[in-house]
Amino acid sequence: MLIGASLMCIAAGITVLMNTRDPEQSAAITSAVLVMCTAFAIFGLGAIPRLRKVHRIDISGNGQIRLMETGDVDHTFDSDLAELLPDSTIWSWLMILRLRTGESMRTTILVLPDCMNSATFHQLKVACRWIAAHGAGRKS
């Protein structure tokens, strides 16, 4: 929605600029459009942290995956059993975990090494590779 408003603002500014012949008026309009677009961008960047979801992944000894979505520190949602899908990608520097949490609900989680300490990242990577190799983590 914010991107759409910024694009409409830019389009309106370009339209007005194309129809303006007076250079002084054109500069004033350009400045106004620039200020409005900058304000939209700052507001949009400020909204990004509120849109972020935090996931907690628990993997049991038999490869069963539980996925919990947490909103903030004080609020945790119920956990769901999840299945690691074959199209997941596990590299030493990035994990793209594709999980099925319901009959048709799929979740993609990007995990970078700086999301957690290096030992935890390594443990998660090893566990996911084991689950992928052994076909574990399937819901029963």
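All of the numbers you see were taken from the coordinates with simple rules; none came from a lab. A quick note: this is a predicted structure, and the numbers were derived from the prediction, not measured.
A few points about this structure:
- For H55, nonlocal amide neighbours, meaning residues 5 or more places apart or on other chains whose placed amide H falls under 5 Å from its own, are T70.
- Gyration tensor (alpha-carbon) shape descriptor, the range 54-134, a/c threshold 1.5: oblate
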